[in-house]
Amino acid sequence: SAWVTTIQARGGKVVIFREPSAGEHLALDEKNYPRDLYWDAYARLSPATLIEFRDEPEFVRMVLPDTSHIDGLDVPHFTDALLTVLARRGIIATPSLTDVHAMRSLQRVAETSTHADLAAGKRSFAR
């Protein structure tokens, strides 16, 4: 992946993250794009760090009410889990409590603006 090596040459880090899914969503993904033929094959070739949710216990335990989105109550846990995994993989330094609070503040801003957009009748998609 030339774009990954270009970013890395400039000092950046590239992470490709497969977010949690379950039930029919996961079954459909596996039927159409079997992990061993797609994700695992790309992970062997890519210079990027690939994180697949099924490889990380922090994500496997998450509740997915509609099988493709985490429960809103799990957002802080998701943030903590992602920071933990990124630190364990050497992508970021071990996050301080200040980092975690800052990340949660950003989430609250995003959630507030999303709710405000919806209340105003604007179409809004995940940011």
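The values are calculated or read from the model by the stated rules, or taken from the named source; none is laboratory data. Because the structure is a prediction, the values reported are computed rather than measured. Here the Cβ positions follow ideal geometry from the backbone for every residue, glycine too, while neighbour counts run over all protein chains shown. Note: accessible area is taken over every heavy atom of the protein model, side chains too, but ligands, DNA and RNA are not part of it. Shrake-Rupley method; radii C 1.70, N 1.55, O 1.52, S 1.80 Å.
Summary of values
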quantity	calculated
First in the range 16-39 and closer than 12 Å to Leu64 by Cα, second anywhere and open to solvent by 60 Å² or more (accessible area, probe 1.4 Å), Cβ under 8 Å, 6 or more apart	Pro20/Val60
Residue count for the range 43-62, restricted to those that are assigned to a helix (DSSP H, G or I), without any contact (Cβ under 8 Å) to a residue 40 or more places away in the chain and over 29 Å from Trp3 (Cα atoms)	2
Among residues of the range 8-19, those that are closer than 26 Å to His77 by Cα and not in a loop (DSSP other than H, G, I, E, B), counted	4
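Okay, residues lined up against (1) among the basic types (Lys, Arg); (2) at pLDDT below 90; (3) assigned to a helix (DSSP H, G or I); (4) open to solvent by 80 Å² or more (accessible area, probe 1.4 Å):
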| position | (1), (2), (3), (4) |
| --- | --- |
| Ser21 | no, no, no, no |
| His25 | no, no, yes, no |
| Lys31 | yes, no, yes, yes |
| Ala41 | no, no, yes, no |
| Leu64 | no, no, no, no |
| Met103 | no, yes, yes, no |
| Arg108 | yes, yes, yes, yes |
| Arg127 | yes, yes, no, yes |
